[in-house]
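Participant: Pasting a structure below so you can have a look.
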Amino acid sequence: MSDSPKSEPGPAPTVPVIAVAERVLGTVAAILLFTMMAMTTVDVIGRYLFARPLDGAYELTQLAMAAIVFVTLPIVTLRGEHVTVGLFEAAMKGRVAAVRDLVIALVAIVGCAFMSWRMAILAQRFERFGDETSTLAIPLAPIAALGALGLAVTTLAALVLLAAALARLKRTPS
Amino acid sequence: MIAALSSFVVLFGLLFLGLPLAFALGLVGYVAFGLVVGFTPAGAMAAQVAWDTLTSYSLSVLPLFVLMGNLVNHAGLSRDLYAASNAFVGHRRGGLAMATIIACGGFAAVCGSSLATAATMATIALPSMRRFGYAEALSTGSVAAGGTLGILIPPSVIMVIYGTMTETSIGQLFVAGILPGTLGILLYVLAVLTVVTIDPKAGPAGPRLSWGARFRALRDVWAILGLFILVIGGIYLGVFTPTEAAGIGAAGAFVIALLRGSLTFKTLVGVLAETARTTAMLLAVLVGALIFSNFINVAGLPEAIVSGIRALDVPPLGVILLLLCFYLVLGCVFDALAMILLTIPVFFPLVQGLGFDPVWFGIVVVVVVEISLITPPIGMNLFVIRSVLKDVPMTTIYRGIVPFIVADIVRLAIIVLIPAFVLFLPSQMAP
């Protein structure tokens, strides 16, 4: 279930700018994930073999995972890799499918823009109260701000999907 | 109550239209919460749920275990696993199908996803069984069924999600999956035996290998066994938390892939980025589900159902049986993840209120979800097979899966009637 096969592949990023953005975001996520893995391993080995755990590995893991998701969400959305129930999708074709993709893109735009705004408010609140992690005193506001940014980029990705759906609607005869 | 039920109707409508789960759940949950409590608190709740979920330490097992599975698969160990199982049972009648089941079980021990297990084994085992003249029904059935073991034999994505939604120990759930998973392998092998006893032509015997060749084949899979023992053994003995185990497991898989020379810098970045995408997708769905589940709780649906069932005076086991029937029917048309996310917020309080063990119910739900993956007409694993073997008619795949569904029902009955079978291992764990 972690990788539901899609009935139709998402629109491939044909525009060079999008392809580059996708590569950059993917690489950043890859580095974060590798760091998360290495950090956990060093922490456990340090704790058992040298009685010296890595300070703050716990909270770094938490923040790293949030960052990975914020950075990757635009790619997942752009590629249309979100899980669906997948019941009648294969049955929809041509214009109906284009209209469906249009509606999905619209919902994604509204939803992600809204979440981006709410995440920005959360970042402001963290900033105002000076919220930080307990061991390393890492401020939470920048991570939440990254979330607002990531969701804003995801909104852009959904706009690309909207444009693609509109173009398909225009191409397909009714 | 009315509000909650109508929200389900709207939600199903959106899902059937093809709206992604994450958006549909989040949208309906937010709007409905807003209508009941007010839109300002609803917005704040949505952001808080997103933040809490994405920064949840216990959920960080997801990316790490997914990474472990992807790395092991990338290292080509799944192929070795099949070759090794084949070396031991391939000379028997139906042996290749049995080897498929066993290899699926082995791969499941390092992979937490049923679709990934089925997809991996499909590309390896199906061509091989075709070469030996296996009946398509038997070969496709064994891969589809074996693949379901991915979410029962730890690690398991579904268990992590169940554990998060119900605040049940993920470590205990993992350990509880070991015996039912092993039973699953045995019963599936029995199903294969039954099929070839009735129709010997369905699974002709392969060549017999010498013991030397067998142990040489085994040499390549020690790594998988070692990883599994390290990861699950570590959780069992309380040496590390599930997240730490997942990190160690991923690092171990990384070292194995490096040693086997199958990893370049470019492919490593590819595997990592793919894992990150799977993580983002899973967590987005989970955020949506938790927003929706907050609404369900505010609307008081679980309490209403609990008191409704109490009033009916049905015996607790009767309630469980009703739930199972509901799940089996729902499973014919619903995807595994969707089923868990939609039903757990409503059913879990009920089951807990009746005094059942949360770990036991988690395993029951996972087994039911496994069945849903292979029940026609909509079973995700069947579609995975179909996408690999495009020339096999869907009806053949449907026919082939029947003996395995029977095996699953037997296993479900054992698990439901003998809770100790599930709960014995977790009860022995270090606290």
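Every read-out reported here was derived from the displayed coordinates using simple, explicitly stated rules and does not represent laboratory data. Computed from a prediction, not measured in an experiment: that's the story for all the values here. For neighbour counting, all protein chains shown are included, and Cβ atoms are generated from backbone atoms with ideal geometry for every residue, glycine included.
Participant: Among B:Asp52, B:Asp357, B:Asp408, determine the one that fluctuates most according to a GNM of chain B built with springs between C-alpha atoms less than 10 Å apart.
Facilitator: Residue with maximal mean-square fluctuation among B:Asp52, B:Asp357, B:Asp408: B:Asp52.
Participant: If we count every other residue with Cβ under 14 angstrom of B:Ala87's Cβ, Lys/Arg +1 and Asp/Glu -1, where does the sum land?
Facilitator: +4
Participant: Please build a GNM for chain B, connecting alpha carbons under 10 Å apart, and tell me which residue among B:Phe33, B:Phe421, B:Phe174 fluctuates the most.
Facilitator: Fluctuation is largest for B:Phe421.
Participant: Order of A:His82, B:His74, B:His91 from fewest to most other C-beta atoms within 10 Å?
Facilitator: Listed from fewest to most nearby Cβ atoms, that is B:His91, B:His74, A:His82.
Participant: Moving on. Among all the aspartates and glutamates, which ones have a C-alpha under 15 Å from B:Lys390's C-alpha, if same-chain residues fewer than 8 places away are not counted?
Facilitator: Straight-distance partners of B:Lys390: B:Glu136.
Participant: Relative contact order for region B:145-286: what percent, with Cα pairs under 8 Å and sequence separation of 6 or more?
Facilitator: About 20 percent, as a whole number.
Participant: Also: Please say if region B:161-278 is rounded, prolate or oblate, where rounded means a/c under 1.5 for a ≥ b ≥ c the square roots of the C-alpha gyration tensor eigenvalues, and otherwise the choice is prolate for a/b larger than b/c and oblate otherwise?
Facilitator: Working: a/c = 2.01, a/b = 1.33, b/c = 1.51.
The shape class here is oblate.
Participant: Let me ask something else. Considering the options B:Val61, B:Ile405, B:Asn297, tell which one lies farthest towards the positive end of the dipole of the protein assembly as shown, charges being +1 on Lys and Arg and -1 on Asp and Glu at the Cβ, about the Cα centre.
Facilitator: B:Ile405
Participant: Next question. Where does the charge balance sit around B:Tyr134 when Lys and Arg score +1, Asp and Glu -1, over other residues with C-beta under 12 Å from its C-beta?
Facilitator: Combined, the nearby Lys, Arg, Asp and Glu give +2.
Participant: What average number of partner chain Cβ atoms lie no more than 10 Å from the Cβ of the residues making up A:77-84?
Facilitator: 6
Participant: Here is a further query. Local charge sum around B:Thr40 (other residues, Cβ-Cβ under 15 Å, Lys/Arg +1, Asp/Glu -1)? Intermediate values should be presented prior to the final figure.
Facilitator: Details: positive: A:Arg118, A:Arg125; negative: none.
Residues near B:Thr40 contribute +2 overall.
Participant: Can you pull the mean other chain C-beta count within 10 Å for peptide B:105-114?
Facilitator: Values: counts 0, 0, 0, 0, 0, 0, 1, 2, 4, 2.
Counting Cβ atoms of other protein chains within 10 Å of each residue's Cβ and averaging gives 1.
Participant: Can you tell me which of B:Gly318, B:Gly331, B:Gly94 moves the most in a GNM of chain B? Springs connect C-alpha atoms under 10 Å apart.
Facilitator: B:Gly318
Participant: Still on this model: From the square roots a ≥ b ≥ c of the eigenvalues of the alpha-carbon gyration tensor of the protein assembly as shown, which class results: rounded (a/c under 1.5), prolate (a/b over b/c), or oblate?
Facilitator: Rounded shape, in that the Cα axes give a/c under 1.5.
Participant: For peptide B:49-62, how many partner chain Cβ atoms fall within 10 Å of a residue's Cβ, on average?
Facilitator: On the way: counts 0, 10, 10, 1, 3, 12, 14, 3, 5, 1, 2, 9, 1, 2.
Partner Cβ neighbours, averaged per residue: 5.
Participant: 7 Å from Cα along Cα→Cβ at both B:Tyr57 and B:Met394: what's the point-to-point distance in nm?
Facilitator: Simple spin-label model gives 4.7 nm for this pair.
Participant: Defining a contact as two alpha carbons under 8 Å apart and six or more residues distant in sequence, what relative contact order in percent does chain B show?
Facilitator: Normalised by residue count, the contact order of chain B is 26 percent.
Participant: Positive end of the charge dipole of chain B (Lys, Arg +1 and Asp, Glu -1 on Cβ, about the Cα centre): tell me which of B:Pro345, B:Gly38, B:Thr279 has its Cα farthest that way.
Facilitator: B:Thr279
Participant: Give me the three principal axis extents of region B:236-393 from the C-alpha atoms, as integers in angstrom, largest value leading.
Facilitator: Projected onto the principal axes, the Cα atoms of region B:236-393 cover 64, 48, 30 Å.
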